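The values are calculated or read from the model by the stated rules, or taken from the named source; none is laboratory data. All of these numbers come straight from a predicted model, not from anything done at the bench. Cβ coordinates were reconstructed from backbone atoms using ideal geometry, including for glycine residues, and neighbour counts include every protein chain displayed.
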Amino acid sequence: MKLCVLCNTNRAQLKRPKTGQQICKTCFYAVFEYEIHCTITENKLFKRGDKVAIAASGGKDSTVLAHTMKLLNDRYDYGLDLCLLSIDEGIKGYRDDSLETVKRNQLQYNLPLLVLSYEELYGWSMDKIVAQIGTKNNCTFCGVFRRQALDRGAARLGVDHIVTGHNADDVAETVLMNRKLLVLFQKFTLTHFPLVFRGDFARLTRCTSITTQTLETSATTAPEHLTIPRSKPFKYTYEKEIVLYAYFLSLDYFSTECTYSVEAYRGYARVFLKDLEKVRASAIMDVIHSGEAYAQSLDEIERVEAENGGKKKKKTVVQKQGTCERCGYISSNKLCKACVLLESLNKGLPAVSLE
Amino acid sequence: MNIELQFSGGMELLFDGQRSIKVVLPSNVTTMRDLIAHTKDHYLKERPELFVQGDSVRPGILVLINDADWELEGELEYELAEKDVIVFISTLHGG
Ligand SMILES: [Zn+2]
Ligand SMILES: [Zn+2]
């Protein structure tokens, strides 16, 4: 029997992916919870009295997030007013089942719950959208609608902050899908990293920073247009530990992949990351740190360019951030992405392409 | 040899929704490596590429042997014993 390296008493039951340490269940719970507490306090994610909505899908990450936020708020007396916010995309057999899980969580953790549906917000459920446009671009619709729906739900609840269950593996995956980062990796030292994925920069900045508040163009955003800040308390928490934590504690979560997801299970970048981890245990943290450094260096380049007269200033930086003239949501164009999509749906057109 | 297989975190969807199967192993199945191949050939109902990769499980699937991470137990080389409980947990399902 292998003993836990932390307490030297109990049987070791898992190998931590982050450190390689062999630890027992009791010590695992303690370090898992304490590290998330540290992420929250070191990054000053909240202040006493904040009303915080936990984006709850019923899946493993948000279920463990709800459990942990509740536990830490009680244990360390953060003084937060917590609630659950769920988005009902209107997908029979998927979301209706996972919402049942969220409703059980609501009772288990004694937290108020708001469920907002696409139907209610946009007049279209995903089932209806798919009936009209098929399953090719449906994830685009779903993604745009979900982001706004969370903001609208948060506004309705009057919260100061939204937390999401994005974990270290999710963040690293997003970094790996960034094409500019790939170029940078190839140009400089880390050429041994065979990055083969594509993605966009805005998403990288959004995903590597622990808290995001505005959309891509923050420079000229008026304060009244700021979106509600969103944070990822699990940014440095590995998926393996989240899943084992849920498993050992028998937390109640829902685990079916979305019926309409083109790619069953996770995409190629995710699988690649797992392969990489096999040969290089620190891969996930390496990738996250590279993403952070890269996002920082881009900020620096933009700053220097702006100081030098801003000849090469990107269009997006000078663009004035306004609001959608139809729905009032933050948008740099006349209509926000959701309204553009809705317009095409309401006209009965097939999906427009959104870049 | 009698053992129990358990599936969790979405893994059960590849096994007809079964969360637990009691299994009597033939004598040539003695290690985890053998068991993964045996499980794929005899119990897996669909999409083997989501369960196995090479002679192991697909990366992102967690394996527990008697409630302990198989990384502590020798992974593929682990010698199965009577009444072992082997759990396969998918981490690749949406969160
Ligand atoms: Zn211990
Ligand atoms: Zn709009």
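In the set (1) modelled with pLDDT of 60 or more; (2) more than 25 Å from A:L116 (Cα to Cα); (3) more than 14 Å from every other protein chain (Cβ to nearest Cβ), the condition left unmet by A:G199 is number (1). Looking across region A:22-58 at every residue that is surrounded by 20 or more Cβ atoms within 10 Å (Cβ to Cβ) and part of a strand (DSSP E or B), the one that is nearest to the other protein chains (Cβ to nearest Cβ) is identified as A:Q22. Counting the residues of region B:45-89 that are more than 13 Å from every other protein chain (Cβ to nearest Cβ) and either on the phi > 0 side of the Ramachandran plot or charged (D, E, K, R) (or both) gives 7. Do we find a residue being of a type in the set (K, R), within 18 Å of A:G348 (Cβ to Cβ) and surrounded by fewer than 16 Cβ atoms within 10 Å (Cβ to Cβ) anywhere in region A:104-121? Within region A:104-121, none of the residues are of a type in the set (K, R), within 18 Å of A:G348 (Cβ to Cβ) and surrounded by fewer than 16 Cβ atoms within 10 Å (Cβ to Cβ).
The condition (being crowded, with 21+ Cβ neighbours inside 10 Å and either part of a loop (DSSP other than H, G, I, E, B) or among the acidic types (D, E) (or both)) is satisfied by just one residue among A:D61, A:D74: A:D61.
Can you find a residue in region A:238-252 that is within 11 Å of another protein chain (Cβ to nearest Cβ), at pLDDT below 90 and surrounded by fewer than 18 Cβ atoms within 10 Å (Cβ to Cβ)? No: zero hits. Taking region A:277-314 as the range and being among the acidic types (D, E) and modelled with pLDDT under 75 as the test, the residues that pass are A:D299, A:E300, A:E302, A:E305.
Give the residues of region A:2-15 that are more than 9 Å from chain B (Cβ to nearest Cβ) and either in a loop (DSSP other than H, G, I, E, B) or away from ligand 1 (no atom under 11 Å from the Cβ) (or both), sorted by residue number. Listed by number, the residues that qualify are A:C4, A:V5, A:L6, A:C7, A:N8, A:T9, A:N10. Looking at A:A155, A:A172, A:A149, just one residue is modelled with pLDDT of 90 or more and either loosely packed, with under 14 Cβ neighbours inside 10 Å or within 28 Å of A:K44 (Cβ to Cβ) (or both), and that residue is A:A149. Do we have any residue at all in region A:202-212 that's more than 14 Å from chain B (Cβ to nearest Cβ) and modelled with pLDDT of 85 or more? Scanning region A:202-212 turns up no residue that is more than 14 Å from chain B (Cβ to nearest Cβ) and modelled with pLDDT of 85 or more. Of the strands (runs of 3 or more DSSP E) that lie entirely inside chain B, those containing 3 or more residues that are under 11 Å from the mean Cα position of the chain (by Cα) and not aliphatic (A, V, I, L, M) span B:2-8. Just one of (1) surrounded by 15 or more Cβ atoms within 10 Å (Cβ to Cβ); (2) within 14 Å of chain B (Cβ to nearest Cβ); (3) out of contact with any Phe, Trp or Tyr (no Cβ under 8 Å at 6 or more places or on another chain); (4) of a type in the set (V, I, T) fails for A:T19. It is (1). Here is the figure for region A:22-35: residues that are under 24 Å from A:D77 (Cα atoms) and either aliphatic (A, V, I, L, M) or more than 8 Å from ligand 1 (Cβ to nearest atom) (or both) total 7. Looking across A:T19, A:T101, one residue alone is among the hydroxyl-bearing types (S, T, Y) and either part of a loop (DSSP other than H, G, I, E, B) or within 16 Å of ligand 1 (Cβ to nearest atom) (or both). It is A:T19.
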